[in-house]
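Below is one structure; the comments refer to it alone.
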Amino acid sequence: MLSGWGRWPIARCAVTEPGTSAAAGAALADFTSIIPRGNGRSYGDASLNPDGVLLTSRLGHMLTLDEAAGVLECEGGTLLSDIIEALLPRGWFAPVTPGTRFVTVGGMIAADVHGKNHHGAGGFGGHLLWLDLALPDGRVLRCSPAEHEELFAATCGGMGLTGLILRAAFRLLRVETARIRQRTVRAPDLDAAFAIFESAQDWTYSVAWIDGLQTDARLGRSLLFLGEHARAEELPLAERSRPFARAARAPKRVPIDFPAIALSRLPVRAFNTLYYQRQRPGDALVDLYPYFYPLDALLEWNRIYGRRGFVQYQCVLPLAESRAGMRRLLEAIARGGNASFLAVLKRMGAESFGHLSFPMEGYTLAMDFPTSTGNLALLDRLDAITAEHGGRIYLAKDARAAPATMRGYPRLERFRAVRRDYGLVGRLESLQSQRLEIG
Amino acid sequence: MTQPLSPVLIIGAGSDIARALARAYAARGCALILAARDPAALATLASDLEIRHRAAVTLVACDVTAADPEPFVTSLPVLPGTVVMVAGLLGDQAESAADAAVAERVMATNYNGPARLLLSLARRMEARGSGAIIGISSVAGERGRGSNFIYGSAKAGFTAFLSGLRNHLARKGVHVLTVKPGFVATRMTEGMELPPRLTARPEQVAEAILRAQEKGRDVVYVKPLWRMIMAIIRAVPEGVFKKLSL
């Protein structure tokens, strides 16, 4: 029985866990229909296929590290957490990181993940030099902006539907410390939040935590967190000799599935208000881990949504439509009265070359909803608002959207053409690709 | 608690347990010599250990069933501080019982070969006055069962060998550790229905071995429950045992 990170839906899947690239290639050929799965951190049904799921957990070796060029070559199953653990002490960090480090490199490519630096650095796919893709016909093709470009463009953001990412090479980011210089800014409403984002374009990292339960004058009340990698000379004198030291903190684990009452409207409202008032505006040096991965410190945090699981909703709206569209989305959410524990707003930069890559220049909103019929109906309304404003939803988060939402991806036809050209239709499939009729 | 003696020679380094061991030793800062029939297949593991842990890794070819272990032992760049014998072959009992050549391979891979190799290394460690010898044996060697006694008898021999070697080296500065992993979820057991409470992951086996080595233990069962189960199995009178279907 497998599920995504949202623990909904759940499906019985035939799995294979090859130990070598050759065995993985053979498995692709053997299964009539299969989908690769990295660390299972996409939220919905993107890594589920009852006919076949290829686990990449044993294909996670780092292959070469070129410190002169700042390039790492590794297998697709390599965990980002392992890369950071090995390379941060040597002054290297990932050029783009999603909100959890427990993802594989293959998964980062397949979802063309973005981070708090998307407005400047773009998505992960833009930092790739090449990737080696195994196809069900037995071929292994090196894809890059210069070789098999169409297949490369389909694979970055292609949700694993173009083959198995065996290996990849990407550029690393030089850092001087394991700290972030963080600036916290309060925004009393949505307009203020937009204004701060627009004036903070020079900051490397920016993200807003937004209180999804506020309405009227306080709609969009949020806290913005801006960040820069701290330089060595910004550390206190005593710490400068060990710029990559970090306090060892054992991760906590959510021990039980929370009962549904814990996330009803009142407790969440209380938490959100407390959080807003507790965070002091101003500058501080913070550890890199809690800055990028606040929820990773709480292993299996998905259990707080209980047995029924949850769905995450993330959409992006083009810049010109963002102000009006976000207001409508937030109003619909607040009116829906459905508790959302975590809501995140972020300014995104230019669209990527990936045919099904999610980001576009504009604003993205992400939040969790406990799985319930009421919430699923609300998400359909959010889909409609997103579509009316020319936006799109993030496939790595999706578990329930209708095929029509794929109209948000104008290059879907080119993606389909690549699938036909390389003989992938019907061979590489997920429950999500079937549900969305990606073909 | 003592740091494992470096470098660590792992024989049969292609297996899942060996890979987990290599990672655990590298994380402790040990240099590694990985020996396998096909060392080229270990290139990705070696590069991974070098990048992750900045470990010095040497790959060497080794066939444990070779009649003469001396060429392999003398070809090693240095005499290792620790040697871990992971090589083994489960085989298929029915095939082993029907075909002497198949049985011979199981015996050679689980007993004759490993014993010959470890003897050769032990002589040198004894002369040096230091070292650690770790043998991966099996709970299957504690009592012969109808369903896998070719493998079981070879492991029984290997267990006895390790216990005798330990006795011989006890005052010579060389630590001998016998490991009985019980069920382990690896390629060797893929497709078998294994009881979860008695089945260890390769990483657990590796951690248990390093802990036992650091504490100077003699015999380690990875899942403690196995010690009890095997005590019971050993206590069953032969007259009863022979009638059980095991």
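The values are calculated or read from the model by the stated rules, or taken from the named source; none is laboratory data. These numbers were taken from a predicted model, which means no experiment stands behind them. Counting neighbours? That spans all protein chains shown, and the Cβs are built from the backbone with ideal geometry, glycine included. Just the protein is used for accessible areas: all its heavy atoms, side chains included, with ligands, DNA and RNA removed. Shrake-Rupley method; radii C 1.70, N 1.55, O 1.52, S 1.80 Å.
Of the residues B:Thr44, B:Gly113, B:Ala18, the one whose Cα sits farthest towards the positive end of the charge dipole of the stretch B:8-241 is B:Ala18 (charges of +1 on Lys and Arg Cβ, -1 on Asp and Glu Cβ, taken about the Cα centre). Taking 0.890 mPa s as the viscosity and 25 °C as the temperature, the Stokes-Einstein diffusion coefficient of chain B based on its alpha-carbon Kirkwood radius rounds to 133 µm²/s. Size of the stretch A:14-115: Rg and Dmax of its alpha carbons, in Å, are 14.4, 45.
Charge dipole (Cα centre; +1 on Lys/Arg Cβ, -1 on Asp/Glu Cβ; no other charges) of the stretch B:88-246 amounts to roughly 660 debye.
Subtracting the Cα-Cα distance of A:Ser372 and A:Arg253 from their residue separation scaled by 0.36 nm leaves 40.3 nm. Helix B:16-27 axis versus longest C-alpha principal axis of chain B: approximately 30°, rounded to the nearest ten. Counting only other chain Cβ atoms within 10 Å of each residue's Cβ, the peptide B:46-55 averages 5. For the stretch B:8-241, the solvent-accessible area works out to 43 Å² per residue, with a probe of 1.4 Å and every protein chain left in place. The interface between chain A and chain B buries about 1000 Å² of solvent-accessible area in total (1.4 Å probe, ligands and nucleic acids excluded). Summing Cβ point charges (Lys, Arg +1; Asp, Glu -1) relative to the Cα centre of the protein assembly as shown gives a dipole of roughly 2240 debye.
Can you sort A:Lys346, A:Lys397, B:Lys215 by 1.4 Å-probe accessible area, starting with the largest?
The most accessible residue leads, giving B:Lys215, A:Lys397, A:Lys346.
Normalised by the number of residues in the stretch A:368-439, the average gap of Cα pairs under 8 Å and 6 or more apart makes the relative contact order 28 percent. Calculated mean residue ellipticity at 222 nm for the protein assembly as shown: -9500 deg cm²/dmol, from DSSP H runs with n ≥ 4 weighted as -39500 (n - 2.57), summed, divided by the residue count and rounded to 500. Counting only protein heavy atoms and using a 1.4 Å probe, the accessible area of B:Thr186 comes to about 20 Å². A crude spin-label estimate for the pair B:Arg54 and B:His168, with each label 7 Å from Cα along the Cβ direction, gives 4.0 nm.
Kirkwood-type hydrodynamic radius, the protein assembly as shown: 27.7 Å, calculated from all non-identical alpha-carbon pairs. Within straight-line reach of B:Lys180, meaning a Cα separation under 23 Å, sit the following lysines at least 8 residues removed in sequence or on another chain: B:Lys155, B:Lys215, B:Lys223. Counting only DSSP beta bridges with both residues in the stretch B:8-241, tell me the antiparallel percent, nearest 5. Taking every DSSP beta bridge with both residues in the stretch B:8-241, the antiparallel ones total about 0 percent.
Given a 1.4 Å probe and the protein chains as shown, A:Tyr409 ends up with an accessible area of around 10 Å². Note on A:Lys397: lysines with a C-alpha under 23 Å away, same-chain residues under 8 apart excluded, are A:Lys116, A:Lys346. Leaving ligands, DNA and RNA out of it, report the carbon-plus-sulfur percent of the accessible area of chain B at a 1.4 Å probe. Its accessible area is 57 percent carbon and sulfur atoms. Over all Cα atoms in the stretch A:283-439, the spread is summed up by Rg and Dmax: 17.0, 53 Å. The mean sequence distance of close C-alpha pairs (under 8 Å, at least 6 residues apart), as a share of the length of the stretch B:8-241, puts its relative contact order at 18 percent.
Between A:Glu198 and A:Leu299, the modelled label-to-label distance comes to 4.6 nm, taking each label 7 Å out from Cα in the direction of the beta carbon.
Taking the mean number of other Cβ atoms within 10 Å as a proxy for protection, how do you rank B:162-171, B:108-117 from highest to lowest? Intermediate results must be reported in sequence, preceding the final value.
Details: B:162-171: 15.0, B:108-117: 22.9.
Output ranking for B:162-171, B:108-117: B:108-117, B:162-171.
Of all DSSP beta bridges confined to the protein assembly as shown, the antiparallel ones make up roughly 65%. Rolled with a 1.4 Å probe across the full set of protein chains, the surface gives A:Arg416 an accessible area near 60 Å². From the Kirkwood radius over Cα pairs of the stretch A:117-244, Stokes-Einstein at 10 °C and 1.306 mPa s returns a whole-number translational diffusion coefficient of 88 µm²/s. Taking Cα atoms, how many degrees apart are the long axis of helix B:149-169 and the longest axis of chain B, rounded to 10 and kept between 0 and 90? Roughly 50 degrees, rounded to the nearest 10. Loop-located trypsin sites (Lys or Arg not before Pro) in the stretch A:104-204 (DSSP state other than H, G, I, E, B) with a sparse environment of at most 14 neighbouring Cβ atoms within 10 Å: A:Arg139.
Each Lys and Arg contributes +1 and each Asp and Glu -1, all at the Cβ; summed about the Cα centre of the stretch A:272-424, the dipole is approximately 320 debye. Think of the protein assembly as shown as a dipole: +1 on every Lys or Arg Cβ, -1 on every Asp or Glu Cβ, centred on the Cα centre; then among A:Thr20, B:Phe149, A:Thr97, B:Phe149 lies furthest on the positive end.
Contact order for chain A, expressed relative to its length and based on alpha carbon pairs under 8 Å spaced 6+ residues apart, stands at 19 percent.
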